[in-house]
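Below is one structure, written out as structure tokens; the observations come after it.
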Amino acid sequence: MRPRRFLPAGPLKGTIRVPGDKSISHRSIMLGALAVGETRVTGLLEGEDVLATAAAMRAMGATVERTGEGAWSVHGVGVGALLQPQAPLDMGNSGTSTRLLMGLVASHPITATFVGDASLSKRPMGRVIEPLSQMGASFEASEGGRLPLILKGICPAVPISYRLLVASAQVKSAVLLAGLNTPGITTVIEPVPTRDHSERMLRGFGAELNVEVEVDGTRIISIRGEAELKPQTIDVPGDPSSAAFFMVAALITPGSEVLIENVGLNPTRAGLVEVLRQMGGQIDEVNAREVGGEPVADLLVKHSPLKGIEVDPAIAPSMIDEFPALFVAAALADGVTTTSGLDELRVKESDRLAVMAAALTAAGARIEEREDGLIITGTGGEPLPGSAGAIATHLDHRIAMSMAVTGLASKNGVEVDDTRPIATSFPVFETMLDGLAA
Ligand SMILES: O=C(O)C1=C[C@@H](OP(=O)(O)O)[C@@H](O)[C@H](O)C1
Ligand SMILES: C=C(OP(=O)(O)O)C(=O)O
């Protein structure tokens, strides 16, 4: 364990550039590994989760090499040509690596064992086991459909049409990736839109992918299998989920003004910016452009008095990883913030509703935990008292970073029990935070 007390500090001033988007980084390595020829990636997130994906693709035959800071070269094996890994695939803390790679393995004639850390081993895999079983793959999973599990893929797999039961980009992507090496058309029906990086990138690599949107917003996504992917050059935009911590930090710390450069603002990811603006946060988009097929801008964030709001549950999928950071903003806002429809937060790296309720309460905030959300009564900008002892982060990087930010807006600081998990998604977080506060 690596504990740290995050002390009150500020104002935050300066310009930062957050590391590459985690979702896009995973996908660029996976698709690069399935294209024939060399894919070059710049701006790749070199966090532990993405490195787990890189190691797994190497174990299945691809050449994945670092050529410079954030610069990677991937020589793929071609769709259908993944090799049987010789040892269990260690997915560490990463749900995205696990579920997307299960999709890839499912339609190859190989068997793979998936293992992970204590957090990942508690997370539900039934949501991908179900559709991939329909496609013909077989599974030996631990109790409740959890890791460790053994997946026996099948070739040819059976194309399916699958309606998502949970709003999950990981489940959608697992089925689409399995569909890549499946004859015919594999379809995912998505009643609630989730992040669409897989769709964008599959198209970019030359897969035949079709999206129809029905009047009620349901998306019908079809991919033609036995695809041939062409290698690409990919520039990964900055991760809005990492930028989130600095947006909130700047908004709640008096006198702050921070420019966060190169932030990915794909509409399926940008919910937090909208919600913080509804709360009164001043966040200006400058230099809007496109990077790697994704909308990007620099965000100029200034300290702002925030007010509590009722967060529309419909926006949740577009900010699903940002709720821990939002709860911190709400704890410092004037009035009550209500959130609902957040059951999915209970099955992330930790139970993010229970863990954030306990953590913010320990820091002196007023929190009521409901079945599907938190109700937070803010201080109206007054610093929170801070924590007496160490706050339990349960191997969850986003809890650790959220509570680090809470420390800035506290009287006595907030102690986090373990900062190591931050390296799964944002290895330079502490350096950046210390730099802005200096
Ligand atoms: O597809 C992805 O890259 C991700 C999808 C989301 O998970 P779910 O699909 O479980 O909602 C998100 O929480 C995760 O951090 C990354
Ligand atoms: C939920 C997350 O990641 P994953 O599901 O890939 O572990 C996250 O990064 O917040």
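So, Ser318, is that one in a loop (DSSP other than H, G, I, E, B), of a type in the set (Ser, Thr, Tyr) and in the same structural domain as Asp334 (by TED's automatic domain parsing) or not? Judged against the criteria, Ser318 is not a match. The single condition among (1) in contact with a Lys or Arg (Cβ under 9 Å, 6 or more places away or on another chain); (2) crowded, with 17+ Cβ neighbours inside 10 Å that Val347 does not satisfy is (2).
Out of Val128, Val171, Val115, I need the residue that is in contact with an Asp or Glu (Cβ under 6 Å, 6 or more places away or on another chain), modelled with pLDDT of 95 or more and open to solvent by less than 50 Å² (accessible area, probe 1.4 Å). Which one?
Going through Val128, Val171, Val115 in turn, the sole match is Val115.
For the range 263-312, give me the residue count where each residue is within 21 Å of Ala167 (Cβ to Cβ), assigned to a helix (DSSP H, G or I) and open to solvent by less than 60 Å² (accessible area, probe 1.4 Å). Selection size over the range 263-312: 4. Quick one: would you say His108 is under 25 Å from Arg224 (Cα atoms) and open to solvent by 10 Å² or more (accessible area, probe 1.4 Å)? So His108 fails the test. The residue that is surrounded by the most Cβ atoms within 10 Å (Cβ to Cβ), counting only those in the range 13-38 that are of a type in the set (S, T, N, Q) and in a helix (DSSP H, G or I), is Ser28. Hey, any hits in the range 89-111 for a residue that's farther than 16 Å from Met30 by Cα, touching a residue at least 60 places away in the same chain (Cβ under 8 Å) and within 16 Å of ligand 1 (Cβ to nearest atom)? Among the residues of the range 89-111, at least one is farther than 16 Å from Met30 by Cα, touching a residue at least 60 places away in the same chain (Cβ under 8 Å) and within 16 Å of ligand 1 (Cβ to nearest atom), which makes the answer yes. Within the range 166-207, the set of residues being outside any loop (DSSP other than H, G, I, E, B) and of a type in the set (Lys, Arg) comprises Lys172, Arg200, Arg203. For the range 387-438, a residue qualifies if it is β-branched (Val, Ile, Thr) and either within 16 Å of ligand 1 (Cβ to nearest atom) or closer than 20 Å to Arg366 by Cβ (or both), and the qualifying residues are Ile391, Ile399, Val405, Thr406, Val414, Ile422, Thr424. Criterion applied to Pro231, Pro193 was being under 17 Å from Leu82 (Cβ atoms), in contact (Cβ under 8 Å) with a residue 12 or more places away in the chain and in contact with a helix residue (DSSP H, G or I) (Cβ under 8 Å, 6 or more places away or on another chain), and the one residue passing it is Pro231.
Results for (1) open to solvent by less than 10 Å² (accessible area, probe 1.4 Å); (2) more than 16 Å from ligand 2 (Cβ to nearest atom); (3) under 23 Å from Pro237 (Cβ atoms), shown as yes or no for each residue.
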| residue | (1), (2), (3) |
| --- | --- |
| Val166 | no, no, no |
| Ala178 | yes, yes, no |
| Thr186 | yes, yes, no |
| Leu209 | no, yes, yes |
| Glu212 | no, yes, no |
| Val215 | no, yes, no |
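Given the condition among the hydroxyl-bearing types (Ser, Thr, Tyr) and either in contact with a Cys (Cβ under 7 Å, 6 or more places away or on another chain) or within 16 Å of ligand 1 (Cβ to nearest atom) (or both), answer yes or no: does some residue in the range 185-206 qualify? Among the residues of the range 185-206, at least one is among the hydroxyl-bearing types (Ser, Thr, Tyr) and either in contact with a Cys (Cβ under 7 Å, 6 or more places away or on another chain) or within 16 Å of ligand 1 (Cβ to nearest atom) (or both), which makes the answer yes.
Using the structure shown, decide if Lys122 is basic (Lys, Arg), surrounded by 16 or more Cβ atoms within 10 Å (Cβ to Cβ) and at negative phi. So Lys122 passes the test.
The values are calculated or read from the model by the stated rules, or taken from the named source; none is laboratory data. Just so we're clear, the structure is a prediction, and the values are computed from it rather than from any experiment. All Cβ positions, even for glycine, are placed from backbone atoms using ideal geometry, and neighbour counts span all protein chains on display. Just the protein is used for accessible areas: all its heavy atoms, side chains included, with ligands, DNA and RNA removed. Shrake-Rupley method; radii C 1.70, N 1.55, O 1.52, S 1.80 Å.
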